[in-house]
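Read-outs throughout are calculated quantities, based only on the coordinates presented, and are distinct from any laboratory measurement. Small disclaimer: the values here were computed from a predicted structure and weren't measured. Methodologically, a virtual Cβ is constructed for each residue, glycine included, from the backbone with ideal geometry; neighbour enumeration extends over all protein chains shown.
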Amino acid sequence: MAQKATTSDLPAGADQRRAKRERVIKRAKIIYGFSGSTIDCHVLDESPFGLMIETESMVAVPEQLTVRLEGAGMFHVVRRWALGNRIGLELVGPQIIDEATHLRMQSILEILDRQGVGPAMQILRADRFFDNPSLRHAAQNADHAMTELRTFLKNAATTPRLPETNSHGGTAHSK
């Protein structure tokens, strides 16, 4: 019977992340300090738990900071590692709902009202709004309801229904 590998059994540098990272290229800003200093960066990959960002040049950033993802929201993060101009950040806490995030949510609501659930869900996913637990729960419920509706309509569209018959062999509507 095979044994489960422990952290000490893994080769040096083995990926021990809690979730698979998705490669992306998104513009973002690191925000830190009392003055709200900012540094432009790009997000190279992301997971529900963290981000890998790249800055134009090597910069020293504090351990705790905030990241604003373009078109999405702000998140508190903790620097976990830095190598050259790449920095690994862990997301800590829920998404910060600031004025820009509030306005973005209003625009997504308008898309939901005009174009329906599908396009709104795509934007919410792309903009990482599902890091907000309440919104993620509501979206999961909407997604489930859409799946049920689609399945019902598909079954109804592909299964012809014959008129019901009564005990005399006629249709239920005949007299």
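Distances between placed amide hydrogens fall under 5 Å for residue 45 paired with 24, 52, all partners being 5 or more residues away or on another chain.
Whole-Hz Karplus values for region 84-99 come out as x, 9, 9, 9, x, 10, 9, 6, 10, x, x, 4, 8, 8, 9, 4 Hz, taken residue by residue from phi with 6.51 cos²θ - 1.76 cosθ + 1.60 and θ = phi - 60°; glycine and proline positions read x. A full extension of the chain between residue 107 and residue 134 corresponds to an added length of 7.9 nm, given 0.36 nm per residue minus the alpha carbon distance.
Put in order of Cβ neighbour count within 10 Å, fewest first, the listed residues 135, 103 become 103, 135.
Coupling constants for region 34-43 follow from the phi torsions by the Karplus curve (6.51 cos²θ - 1.76 cosθ + 1.60, θ = phi - 60°), and in residue order they are 5, 7, x, 4, 10, 9, 6, 7, 10, 7 Hz; glycine and proline get x. Within the shell defined by Cβ-Cβ distances under 12 Å, the residues around residue 66 carry a net charge of +2, with Lys and Arg each +1 and Asp and Glu each -1.
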